Amino acid sequence: MKHIISLLMENESGALSRVAGLFSARAYNIESLTVAPTEDATLSRMTIVTSGSEDVIEQIIKQLNKLVDVVKVLDLNDGRYIERELMLVKVKATGIFRDEMKRMCDIFRGRIIDVADGSYTIEVTGSSSKLDAFLEALDKSAILETVRTGASGIGRGDRILKV
Amino acid sequence: MEDRTSPHSHQISGAEILIRCLQEEKVKFVFGYPGGAVLHIYDEIFKQDAFKHILVRHEQAAVHAADAFARATGEVGVALVTSGPGATNAITGIATAYMDSIPLVVISGQVPAPAIGMDAFQEVDMVGITRPCVKHNFLVKDVKDIAATIKKAFYIAATGRPGPVVVDIPKDITAHFAKFEYPASVEMRSYTPIIKGHSGQIKKAVKLLLEAKRPMIYTGGGVVLGNAAEELIQFARKLGYPVTNTLMGLGGYPSTDNQFLGMLGMHGTYEANMAMQNCDVLLAVGARFDDRVIGNPGHFFSKDRTIIHVDVDPSSISKRVKIDVPIVGDVKSVLTEMNELLIAETKTPDAGDIKSWWQQIDTWREKKSLVYKNSTEVIKPQYVIEKLWEVTKGDAYVTSDVGQHQMWAAQYYKFDKPRRWINSGGLGTMGVGLPYAMGCQLANPTAQVACITGEGSIQMNIQELSTCHQFRLPIKVILLNNRYLGMVRQWQEFFYENRYSESYMDSLPDFVKLAESYGHVGMNIVNPADVEGALKEAFDMKDRFVFMNFITDQTENVFPMVPNGKGLSEMILAGEE
Ligand SMILES: Cc1ncc(C[n+]2csc(CCOP(=O)(O)OP(=O)(O)O)c2C)c(N)n1
């Protein structure tokens, strides 16, 4: 099953490679990984999307906690959470496609952020599955380029991951 | 050459700071090898005498020797190597220590900070290379950080589940100046090892154990590393339950005690493996259910039992085997609490149940799975170990390499004390034996130290004969020379229809002459009748290094054996092949 794991880590050089190295060394899946500093510049916040059986997820959490630089780990799937990912898609926007793309973009509450003669660049935000659905909905041949940030996640309500 | 800028008053160089840190940590020995990137450090070593530097002949041996020093004493071992090839030579040693959770601080030189990333001479990304085989590592980027980093390194290495920590220091940093202030303590919000176990879980565990009909205590290296042997003995004796140790756990419970069933696992005794398989309540302490211990996990689970697991590392719990009662904590602290509960407890185990369980165990013991056929013609390796145990009165520090000789040493030398059996259990590194013996002998100058080895393994760090001479280490090498990479040959005999692919050791040196050329005593022992006398003679030479070359039976195999992928109760016994 897919799990979203959030963690806070000392913002030291090499922090990312410790986490990435752990996943490859122990053959854990990694669907996406995002990392950036927080309002506290000494901390990095990471969101890892992974999948595996409950046993594997339990091991992943334990192994992450074992990393000396990791301050806190939270499996967002243990409670209610919100997941968001940002995607930029460059699509063909010529002839009949031009209106069609605009409509699709509206349906998915995307925004056209760049317009060129033959193309639009669309920004869409949402859960990763919503972004998947948007790509599905598009005519494959119309997609020129996609770039996704990977998911970020946060607990709902007073579920807070902080030191 | 970089500029060594002149100091303000109260300032000392990074190299001197490092030395002062090691003094603060009360380091007795630094095992190392010099080179360009650590020359400033070596210059400071020259000027001090707080610790002794042991010049090895290969960096791998420096790390192994520091590792053995840590295993034998419980203190943090320290090694020092130069950048590039010095650093890469240290890797096997670091990985070996990592797999067995040994507290080490390995200091490596690095090219000057401005040269990092420029493919400079003798540059290697030490932090990157060692990341998967250290507990933690650091690259020091400022002379002002040296002291705090070394303090953290020792703290991390020794606490929680111990392990090696690498500190990589660029050469220019050791030349820069700063004020020396050694932190009194360390606080790390990201690293807070758990010591005390959960009291409710501990109570539950004791209750389960008291109600058990077929209880079993299985302990590993954690009991030795956690200095919990006494607490374990008290606990096991109070209950009268059977105990087994893993390869790493030997000495954690006295081998000559009647409650001891011997080592378990791939080459464990029949009774230990059968009791492990058939018990109804299993207490695992500082052990990790690894593949060499429980065999096929599916087979292990074909029997129902309740498992209690005490370990300082939460990630060791429920990793290979689902645990019913997990207890995360320092094994010494948890066992102490369990002992207190037992003393206060009025309930006792059901005498009838325990008696019939012991009767069952005794029938397994009757298989005498460690009996071998001795010979008057050719030296049996098991016989050498038995005699070694007698001659050293069971009180030696015994190191081993990896192979058949290691398993015979574990099976036939009965360890009654912790920290006496020093071997590479996790990584299984051939070549550790001699440097391990060096670390043990330096830690205990007057103790008897025996290195049990094979002719394959000993040649992997044979150059250390020179170090042993330089420091006058009176180690006794017990070479069980079967002219084969015996453990490989055994697998080829069992599983590859006797196709002995590259497992014959040809062109062996004359070990006696070799030992003599390094200034040691060499002995060839060919006749079984000479084994005991030769051992006595060797151990009587209290101040000499003696290399004993026992020419042993080439065809001897290690039994019992649980073949790879089989279950614990599916052992091959001697005479059943
Ligand atoms: C560095 C290293 N290389 C290879 C192996 C694989 N290996 C395990 S046991 C063994 C044979 C060891 O032979 P020897 O030292 O002569 O001991 P024996 O088994 O004959 O007692 C080998 C090659 C290993 N464990 N370590």
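In order along the stretch A:44-60, phi translates into HN-Hα couplings of 10, 10, 10, 10, 10, 9, 9, 9, x, 5, 4, 4, 5, 4, 4, 5, 4 Hz, rounded to whole numbers, per the Karplus curve 6.51 cos²θ - 1.76 cosθ + 1.60 with θ = phi - 60° and x for Gly and Pro. With a Förster radius of 35 Å applied to the C-beta separation of B:Gln11 and A:Ala36, the computed FRET efficiency comes to 0.40. Chain B packed on chain A takes about 1500 Å² of accessible surface away from a 1.4 Å probe, both sides summed. Taking amide H as placed 1.01 Å from N in the peptide plane, the amide H of B:Ile572 sits under 5 Å from that of B:Met561, B:Val562, each at least 5 places away or on another chain.
Whole-Hz Karplus values for the stretch B:127-144 come out as 5, x, 5, 8, 3, x, 10, 10, 6, 7, 8, 9, 10, 7, 10, 8, 4, 5 Hz, taken residue by residue from phi with 6.51 cos²θ - 1.76 cosθ + 1.60 and θ = phi - 60°; glycine and proline positions read x.
Angle of helix B:146-158 to the longest C-alpha principal axis of chain B, folded into 0 to 90 degrees and rounded to 10: 0°. In the distance distribution for the stretch B:451-577, Cα-Cα pairs more than 17 Å apart total 63 percent. On the principal axes of its alpha carbon atoms, chain B extends 79, 60, 42 Å, with the longest extent given first.
From helices alone, the protein assembly as shown scores -10500 deg cm²/dmol at 222 nm; the rule is -39500 (n - 2.57) for each run of n ≥ 4 DSSP H residues, then divide by the residue total. Taking a sphere under 12 Å around the Cβ of B:Phe301 and counting the other residues whose Cβ falls inside, with K and R at +1 and D and E at -1, yields a net charge of +3. Segment B:Lys26..B:Ile343, full-extension length gain: 110.3 nm, with 0.36 nm per residue of separation and the alpha-carbon distance subtracted. The accessible surface of the protein assembly as shown, taken with every protein chain in place and a 1.4 Å probe, is 51 percent carbon and sulfur. Relative to the longest principal axis of the Cα atoms of chain B, the long axis of helix B:85-99 lies at roughly 30 degrees.
The calculated FRET efficiency for the pair B:Asp510 and B:Lys373, based on their C-beta separation and a Förster distance of 41 Å, comes to about 0.85. Entry comment: accessible area of the stretch B:371-492 is 29 Å² per residue, from protein heavy atoms only and a probe of 1.4 Å.
Ordering B:54-66, B:313-325 by mean Cβ neighbour count within 10 Å, with the highest value first, yields B:54-66, B:313-325. For the peptides B:450-459, B:503-512, B:191-200, the ranking by packing is B:450-459, B:191-200, B:503-512, with the highest mean count of neighbouring Cβ atoms within 10 Å listed first. Averaged over the residues of peptide B:128-138, the number of Cβ atoms from other protein chains lying within 10 Å of each residue's Cβ is 3.
The mean number of partner chain beta-carbon atoms within 10 angstrom of a residue's beta-carbon across peptide B:236-248 is 0.
Over chain A, Cα pairs under 8 Å with separation of 6+ residues give a relative contact order of 27 percent. Counting Cβ atoms of other protein chains within 10 Å of each Cβ in A:61-68 and taking the mean gives 5. Less than 5 angstrom separates the built amide H of B:Gly262 from those of B:Asn245, all sequence-distant by 5 or more or on a different chain.
Between A:Asp55 and B:Ala529, the C-beta separation translates, for a Förster distance of 41 Å, into a calculated FRET efficiency of about 0.15. All Cα-Cα distances of the stretch B:1-92, cut into 10 Å bins from zero to the largest, leave 16, 45, 30, 8, 1 percent in each bin in turn. Against the longest alpha carbon principal axis of chain B, how many degrees, from 0 to 90 and to the nearest 10, is the axis of helix B:381-391 turned? Taking the Cα atoms of chain B, the angle to B:381-391 is about 80 degrees. Proximity of backbone amide H atoms, modeled 1.01 Å from N, is registered between B:Ile54 and B:Val30, B:Phe31, B:Gly32 at under 5 Å, excluding neighbours fewer than 5 places apart on the same chain. The stretch between B:Phe495 and B:Ile195 holds 103.5 nm of extra length on full extension. This uses 0.36 nm per residue minus the Cα-Cα distance. Modelled label positions at B:Asp291 and A:Arg148, each set 7 Å beyond Cα in the direction of Cβ, lie 3.4 nm from each other.
Phi angles of the stretch A:93-103 translate, via the Karplus equation with coefficients 6.51, -1.76, 1.60 and θ = phi - 60°, into HN-Hα couplings of 9, 10, x, 4, 4, 4, 6, 4, 5, 4, 5 Hz per residue; Gly and Pro are given as x.
The values are calculated or read from the model by the stated rules, or taken from the named source; none is laboratory data. Just so it is clear, the structure is predicted and the values come from calculations on it, not from any experiment. Because the Cβ atoms are built from the backbone with ideal geometry, glycine has one as well, and the counts that use them run over all protein chains shown. Side chains are part of the model used for accessible areas, which takes the heavy atoms of the whole protein and leaves out ligands, DNA and RNA. Shrake-Rupley method; radii C 1.70, N 1.55, O 1.52, S 1.80 Å.
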